[in-house]
Every structure is written in C-alpha cells, then in structure tokens.
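What follows is one structure encoded as structure tokens, with my remarks underneath.
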Amino acid sequence: MSADLHLHTRFSDGTFTPEELVAAAQQQELTALALTDHDTMEGCPATAAACAAAGIEFLPGIELTSEQNGRELHILGYGLAMHQAPLQQALAKFQAARQQRIRDIVARLKELNVTLDADAVLAQANCRAPGRPHVARALVTAGACATMDEAFERWLKQHRPAWVPKYRITAADAIELIHQAGGAAVLAHPALNRADPLIPGLVEAGLDGIECFHTQHSANVSRRYVALANRLGVLITGGSDCHGLNKGIPHIGTVRLPLVYFEKLKDRIAERRARLPSGSSS
C-alpha cells in the first residue's frame, strides 16, 4: 500500500481531469493521493469525490511558486482549509498573475512574428491557473512548431525569447500562508531547484517536510534527502509530479510513498488544524 502526493490536473498545467487522474491511480493500485495543482485548489472537490467512489484516500493540496535568495523554490501545501478567506485572497492574486503572464508571453511571441490570440489561449486552458504548457499547445495547434518540447526549446524556456518570469512570493511567506490555512508545508523536488543550502533556513521558517522521493531524484539522491530530513527532524514525503500527458508518459505511480510517511503527514496536518481559530477549518 502506497501514496502519490504530488499530482496535477487540467486545473493547472496537467492534462488529466480529476476523474481520469483517479482512474489512473486505481490502475496503479494506489491507496492514497494528493492533488497539488499550481496556485489553485479548484480541482480538489471533484478529485475528492472521485477518490471516495474509488476507495482511495484523498488529501487536498497545492503547489506554490516561491523564491529564496533569488532561487525559485516550490512549496507544497497539504491539508489546507481551502475555503479560508486569506488563502482564497492570495490564490486569486496568484491566478491573476498567471493569466497576465500568458498575455505577456503572447505579446512577446507577437514581437517575434508568432501570432496567437491570448483570449483564445486562456479559453482553451479553461482554468484559473494557466501555465506555459497551454501556450505551447496553442503553438503546436497553430502550426508554429511540431511539438510542445520544441515550443519550450525555441521560445518558452528561461533565457528563450518569449520567456516571462513567474510571479513569486518568498518561501517564508508561502510556508506562513500554508500554516495559516491549517496545512503542512513541504519543499518540492529540492534537487531540481538545487535547494540544499537553503533547507536549514526553510526549516527555521517552519518548513514541515521535504519531498525526498520524486521521479527526477535518483535512489541515491532520495536516500540523501531522507537522511537530511531525519537529521533536521522534518517529515518525509514523495510524489511522481504527474502532469498527465504534458510531459510524455504519465508518471503517476512511479513514486510510491510508504503509508507510514503519509500517516505522519496527516498527524502534522491535524496539529496544524488544531491551531486554527474556531470556524476556519473548513
């Protein structure tokens, strides 16, 4: 029995609907999962319902983009009270920034004589938290490139001509926002962001855990982060970071977190929830 605690749907930059995601989890015989779309919890109710029907335990979550010392870091939040007003206000701001980023990318493409309609890209995305994959898909549909990978390589990656930076808050603010909503804050895929020197400071800021297991962490890297988490006294988590078909084959189930770690995460969330003011834990 195992869990996958890092998953995305079409409500951010994945391709699966919640129902398709849960069906894939069933095929992989997962016991529990968490939905961690970027800057939105819009897909959590439907995913919770699909999990309930499938007999899979569900944990609501989110992935927030942040920075520390000029380095981009992703902070996963688990078990948040998703209807809490301060959280919803912050997410509305993040989502507006994402939508504006799409418009800015399309404007840069126009300067490069590549014409897309920003409204059409946003309509096709059909979510509150669109991302670069939606632009890449529009470029393929328009015949400007053959594949989404080509779109990123030619225009959309950092240091490419249509690159537009993300809106980012500090990692400490992301951790605080998650805690204020009764959730547990976990550093996502630290090896990808070369975050090791920053982790002790993040723990001092209240970080609850480290995503030790990830599809782009080798076995040796995962062992190193497990040892670090144990040394720092923080939680151990893991997930596939599945985006459906956006990044080739779906990775769901390729990371199988033992349930002992999932139970410890739930215990921490219960502690965080217990500190919320009465009436703010829904």
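The values are calculated or read from the model by the stated rules, or taken from the named source; none is laboratory data. Since this is a predicted model, take the numbers as computed values, not measurements. For neighbour counting, all protein chains shown are included, and Cβ atoms are generated from backbone atoms with ideal geometry for every residue, glycine included.
Here are the numbers for this structure:
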quantity	calculated
Single condition residue 148 does not satisfy, out of (1) at pLDDT 95 or above; (2) surrounded by 13 or more Cβ atoms within 10 Å (Cβ to Cβ); (3) of a type in the set (A, V, I, L, M); (4) more than 19 Å from the chain's Cα centre (by Cα)	(1)
Residue list for segment 193-214, restricted to those being under 20 Å from the mean Cα position of the chain (by Cα) and either charged (D, E, K, R) or at pLDDT below 95 (or both)	193, 194, 195, 196, 208, 211
Residue among 259, 235, 245, 228 that alone is in the same structural domain as residue 9 (by TED's automatic domain parsing) and either under 16 Å from residue 75 (Cα atoms) or buried (at least 20 other Cβ atoms within 10 Å of the Cβ) (or both)	235
Filter result for residue 109 (aliphatic (A, V, I, L, M) and under 18 Å from the mean Cα position of the chain (by Cα))	no
Helices (runs of 4 or more DSSP H) lying entirely in segment 192-282 (those with 1 or more residues that are free of Cβ contacts under 8 Å to residues at least 12 places away in the same chain and of a type in the set (A, V, I, L, M))	219-232, 259-274
Verdict on residue 180 being over 17 Å from the mean Cα position of the chain (by Cα) and either surrounded by fewer than 23 Cβ atoms within 10 Å (Cβ to Cβ) or assigned by TED's automatic domain parsing to the domain that holds residue 33 (or both)	yes
Elements of type helices (runs of 4 or more DSSP H) contained in segment 119-183, each with 2 or more residues being of a type in the set (Val, Ile, Thr)	132-141, 171-180
Hey, residue 123 out of contact with any helix residue (DSSP H, G or I) (no Cβ under 7 Å at 6 or more places or on another chain), farther than 30 Å from residue 179 by Cα and not assigned by TED's automatic domain parsing to the domain that holds residue 13 or not	yes
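A quick yes/no check of all residues on (1) closer than 19 Å to residue 238 by Cα; (2) more than 15 Å from the chain's Cα centre (by Cα); (3) assigned by TED's automatic domain parsing to the domain that holds residue 205:
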residue	(1), (2), (3)
18	no, no, yes
23	no, yes, yes
26	yes, yes, yes
31	yes, yes, yes
34	yes, no, yes
40	no, no, yes
54	no, yes, yes
61	yes, no, yes
